[in-house]
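Colleague: Below are the structure tokens for one structure; questions will follow.
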Amino acid sequence: MMYASALTDSHRVFLEDLFGKDGLSFEPAVLRVYSSDASNERGKIFAVVRPADTGQVQKFMRWADAERVVVHPRGRGTSLAGGCVPTVPGIVVSTLGMDKLIDISSTDFVAEVEPGLCTATFQAEAEKRGLMFPPDPASGKATSLGGNVCTCAGGLRAVKYGVTRDYVLGCEIVLPGGQLMKFGGRTQKDVVGLDLTRFVVGSEGTLGIVTRLILKLIPKPEASASVLVGYRSLDDALSSMTKVFAAGILPAAAEFIGETCMDILTRTGECPWPGEVKAMMLFQIDGGRETIGLENARLSRQLDDALWKMEGVDKEEEDRLWSFRRRISAASYVLGPDRMGGDMAVPRGKILPAVRRFEEIAAANGKRLVAFGHAGDGNIHANLHYDASDPDDAARTAKTHHKLDKAVLEFGGSISGEHGGGSLKDVGRQLGAGEHELMLRIRKLFDPNLILNPKKGY
Amino acid sequence: MKRGCTQCGECLNVCPVYRQFTREEYSPKGKRLLMEPLAPEFGGDERAAELNWESVRSLARLCAGCDRCRKACARKLSTADLLADVRATHPHWTQHFWQLWIARMGPLWPSLGLMATLVPDGLTPKPLKPLHDTAKILADRGEARPWGRIRKNPESRTDVSKPVLLFSGCTANNVRKKWSSGANDLLLAWGYELSDPGGFVCCGGTMHHAGRYGAQRAMEGQNVEYWRKSGKPRIAVFCASCFHSLHGYAGGVLTGNEAGEWLAALTPVSVLLAGAEVEHTEAKPAAYGYHQPCHWGDNDNDIKFLQRLFPGLHKGTGLCCGMGGILQMSNPGLSRRMAESTLDGFPGAISRIVTGCSGCVMQLNAAAGGDMRIEHWLDLVSL
């Protein structure tokens, strides 16, 4: 595909006329900021534009398609998979100038938002009205809803409430060429035609630029409770979780903390559990104020094989329990100043063999695997720490990371449960050739000249 | 070598400058991308950097030094500190002037304030208005009527065995001496033995932000030496920014056991006034707000103290008032916008705001219009 390799004077004039001084930058310092993301990979860009409304996006996309200028849509640039990295030189479209909460309805249980709205800000607005937007990526304070939708972000509550795709009722996107498409709507049920809203969710900005989202909300549970449970091993911890599910209990969150994480927590701060506790589960349940105690007791009965237990029944107590889980990410740097993260997903019953296999692969390369994550939905955070200034360590880490991706497929898993393919994952190793080809044909229907996020996603 | 920013983006929502613009280049993570390649501590080397300080300066220096990003950061990186480091190696006349303004011109502040009040607003060019307003605030606005008379509850047990040195800070020493005398009277009434604080100088915090490390170290050294000579008493502080800066001596100018002694000695005045009982006066308004100074961090005792004295205190939704660092001089327009946003974070019915930082009081009053007034809590309590 031939793309514009630089901006001409007339390109610049067009952009200046469309976006004005405030909505456009060619300044090298500004371009530097938009030329990478949380993957810390980097590409080259000609300009960054900041549309204020859908009309501007339409005019821009008509022009970009005609001029074969590559477009890299961007939310808050938090992709760990290089989803915002400009793989081919082009123009970054920052959606942060479109961050309005257009409508939030307590009767329809629906919100309409612009893509640049921060996830946590939106969740707080919903909660003020007694509503909940369940997708809760751990990075929700940092991310935008547009970014969450484009990667189909998951989060801690996915085990009970599902992921972002389960809460997108409709969307508006601007196609290359400038046409505005409206998929879905405000109804909870809609089976007319193909569900193109679902195409957009998780499409990693390859089908169009999202300009409006219609999101489903649910009533906010009145109460919640958490329990942190200690075991001799991850084997014991996960078999305890199996008992919980077998008893018909569906927790709002079920997190596992592996042996290496426990070692890290013990080395880096205060830990209330006894020394023989080597792995943990953290459960959260939610529901009505009057029944939460009963549900909590029901959960506790299934955890009778635990070595140690700590319960929390209101926000302050729960926060204390969750603080141990939240500490893992930052504390893991004791194993090395740099990190290569994985977000594989496996069927729930395969978590233990997958973690053990990952650990073996890491150990064979002289590495320790930091494994924790969302046990309830089989999403494993498999992180490797290393020292980037040590070439041998960096090479062993990269090799291990690569092998983990291969190993996850042995368990019928996915190389990415949450972060997406971005520009770093080789999704071809997971997707069948025919299926991959079909996806590329669909992509071309939306974007015939492939100006959107080339070499990213799939 | 220190590891730099991971670009995780957790700093965006806590950054008051980002809040003004909602653009990534104004966020701490954006500024770090520009400054880390210049900082040897992070493996940077300006000679090899693609963008030198001159190319990034106009963006990178938009920081009020509130340090909220450090708290949010998994690696506990402070963009204010990084900016200070880069400034230290790139001296600029504004930083030199700032040092003069703080270290030498304090005694002149009241006269400058008085002169500023004589200049009609209409004569001030628009870009200079924020500076003119700030200068006017330097003049003393007269006695505020206290909202409550306080006394120590006789049942309350406060440890008054250790002598106390009151650290007033530059604002109180030069233009709001009544805060020092007020704090002095209250501490005496509580039974504390007060030593002469005359050997203290500026805490040095603002010199740090300006990258004037030599001046900062000299001030820190003088303050520590005076504390040692005084027998290492408690140090009572009523300004959040001074407290933040003094707290930073531990691990810097002070190490080992003495750093621990220093931290144990540093105490907010509101902590020392434990067990206060209040009798409200008719000057107490029906509705009032509290502006939380960034520099108390998670340990804001003032709000707990004030909530007991003045129930119904309404906390504003704004972030930083924009006073910190040297932003007021490097970008007075942005600094003013931040102050205005902070004031906008209070409901319309509130025209009296109380806080516990000398800088916030000055900054917010300079931005306040109509009959809005921002007071240090020491203005609102008397014996």
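Colleague: Return the ratio Rg/(2.2 N^0.38 Å) for chain B, where Rg is computed over Cα atoms only.
Modeller: 0.98
Colleague: Let me ask something else about it. So what's region A:187-317 giving for Rg/Rh, alpha carbon basis, Kirkwood Rh from the mean inverse pair distance?
Modeller: My calculation of the ratio gives 1.12.
Colleague: Now, a different point. On the full set of protein chains, 1.4 Å probe, figure out the accessible area of A:E316 and give it in Å² to the nearest 10.
Modeller: 150
Colleague: Same structure, new question: So, with +1 on the Cβ of K and R and -1 on the Cβ of D and E, and no other charges, what is the size of the charge dipole of chain B about its Cα centre, to the nearest 20 debye?
Modeller: Once rounded to the nearest 20, the dipole reads 180 debye.
Colleague: Then there is this: Any chance you could check the Cα centroid distance between region B:77-100 and region A:143-188 for me, in angstrom?
Modeller: For region B:77-100 versus region A:143-188, the Cα centre distance is 44 Å.
Colleague: Restricting to bridges with both residues inside the protein assembly as shown, how much of the DSSP beta-bridge set is antiparallel, in percent to the nearest 5?
Modeller: 70
Colleague: Then there is this: Considering all projection directions equally, how large on average is the shadow of the alpha-carbon convex hull of the protein assembly as shown, in square nanometres?
Modeller: 38.2
Colleague: Then there's this: Which number gives the lysine pairs in region A:359-455 that have C-alpha atoms under 19 Å apart and are eight or more places apart or on different chains?
Modeller: 8
Colleague: Follow-up question, since we're still on this one. Would you mind checking the tilt of helix A:234-246 against the longest principal axis of the Cα atoms of chain A, expressed as 0 to 90 degrees and rounded to 10?
Modeller: It works out to around 80 degrees.
Colleague: Further, regarding this structure: Calculate the radius of gyration of the Cα atoms of region B:162-269 to one decimal place, then report Dmax, the largest Cα-Cα distance, as a whole number, both in Å.
Modeller: Cα-based Rg and Dmax for region B:162-269 come out at 13.2, 40 Å.
Colleague: In addition: Put +1 on the Cβ of each Lys and Arg and -1 on the Cβ of each Asp and Glu in region B:202-258; which of B:H244, B:G204, B:V224 then has its Cα farthest toward the positive end of the dipole?
Modeller: B:V224
Colleague: Leaving ligands, DNA and RNA out of it, rank A:K189, A:K141 by accessible area with a 1.4 Å probe, largest first.
Modeller: Ranked list, largest accessible area first: A:K189, A:K141.
Colleague: What part of the accessible area of chain B, given as a whole %, is carbon or sulfur when the probe is 1.4 angstrom?
Modeller: Ligands and nucleic acids excluded, carbon and sulfur reach 54 percent.
Colleague: On to the next question. Counting only protein chains, not ligands or nucleic acids, how are A:R12, A:R429 ordered by accessible area (probe 1.4 Å), most first?
Modeller: Per-residue accessible area, sorted high to low, gives A:R12, A:R429.
Colleague: Turning to a different aspect of this structure: Kirkwood Rh over alpha-carbon pairs of region B:1-159, then Stokes-Einstein at 37 °C and 0.692 mPa s: what D in µm² s⁻¹, rounded to an integer?
Modeller: Details: Rh = 19.2 Å.
Approximately 171 µm²/s, per Stokes-Einstein.
Colleague: From Cα pairs below 8 angstrom and at least 6 apart in sequence, can you work out the relative contact order of region A:1-109, rounded to a whole percent?
Modeller: 32
Colleague: Tell me which lysines have Cα within less than 21 Å of B:K152's Cα, excluding those fewer than 8 residues away on the same chain?
Modeller: B:K162, B:K178, B:K284, B:K304
Colleague: What's the total accessible area buried between chains B and A, using a 1.4 Å probe, rounded to the nearest 100 Å²?
Modeller: Chains B and A together bury approximately 2300 Å².
Colleague: Treat every Asp and Glu Cβ in region A:302-458 as -1 and every Lys and Arg Cβ as +1, leave all other atoms uncharged, and give the resulting dipole magnitude about the Cα centre to the nearest 20 debye.
Modeller: Using Cβ point charges on Lys, Arg, Asp and Glu, region A:302-458 gives about 620 debye.
Colleague: Please report the antiparallel percentage of the DSSP beta bridges confined to chain A, to the nearest 5.
Modeller: 85
Colleague: Normalised by the empirical 2.2 N^0.38 Å for globular proteins, what value does the Cα Rg of chain A take? Could you put the intermediate results ahead of the total?
Modeller: On the way: Rg = 22.9 Å, N = 458, 2.2 N^0.38 = 22.6 Å.
So chain A has a normalised radius of gyration of 1.01.
Colleague: So what's the angle, to the nearest 10 degrees on a 0 to 90 scale, between helix A:351-364 and the longest Cα principal axis of chain A?
Modeller: 80
Colleague: What lysines does A:K21 reach when the alpha-carbon gap must be under 19 Å and sequence neighbours fewer than 8 apart in one chain are set aside?
Modeller: A:K59
Colleague: State, to one decimal in nm², a quarter of the convex hull surface area for the C-alpha atoms of region B:257-302, i.e. the direction-averaged projected area.
Modeller: 4.8
Colleague: In addition: Output the direction-averaged projected area (hull surface divided by four) of the convex hull of the alpha-carbon atoms of region B:245-383, in nm². Don't jump to the answer; show the numbers that get you there.
Modeller: Working: hull surface 39.1 nm².
Average of the hull's projected areas for region B:245-383 equals 9.8 nm².
Colleague: Relative to the first principal axis of the alpha-carbon coordinates of chain A, what is the inclination of helix A:315-331, with its axis defined by its Cα atoms, in degrees from 0 to 90 and to the nearest 10?
Modeller: 70
Colleague: When we measure straight from the Cα of B:K76, which aspartates and glutamates land under 13 angstrom away, once same-chain ones fewer than 8 places off are left out?
Modeller: Once the sequence-local aspartates and glutamates are set aside, what remains near B:K76 is B:E10, B:D67.
Colleague: To continue, here is another question. Looking at B:P146, B:V175, B:A189, which one has the Cα that reaches farthest to the positive end of the dipole of region B:143-231 (charges on Cβ: Lys, Arg +1; Asp, Glu -1)?
Modeller: Comparing the listed Cα positions along the dipole, B:P146 ranks first.
Colleague: Roughly what percent of Cα-Cα pairs across region B:287-349 reach past 19 Å?
Modeller: Of the Cα pairs, 39 percent sit more than 19 Å apart.
Colleague: Given +1 on the Cβ of Lys and Arg, -1 on the Cβ of Asp and Glu, and no further charges, what dipole in debye does region A:33-88 carry about its Cα centre, rounded to the nearest 20? Don't skip to the answer; put the middle values down first.
Modeller: Working: 8 positive and 5 negative charges, 17 e Å.
Magnitude of the dipole: close to 80 debye.
Colleague: Based on DSSP H runs of at least 4 residues, each adding -39500 (n - 2.57), what is the mean residue ellipticity at 222 nm of chain A after dividing by all its residues, to the nearest 500 deg cm²/dmol?
Modeller: Value at 222 nm, helices only, nearest 500: -10500 deg cm²/dmol.
The values are calculated or read from the model by the stated rules, or taken from the named source; none is laboratory data. Predicted model only: the values in this text are computed from it and were never measured. Positions of Cβ are backbone-derived with ideal geometry, glycine not excepted, and every protein chain shown enters the neighbour counts. Each accessible area value is taken on the protein alone, full model and side chains, heavy atoms only, with ligands, DNA and RNA left out. Shrake-Rupley method; radii C 1.70, N 1.55, O 1.52, S 1.80 Å.
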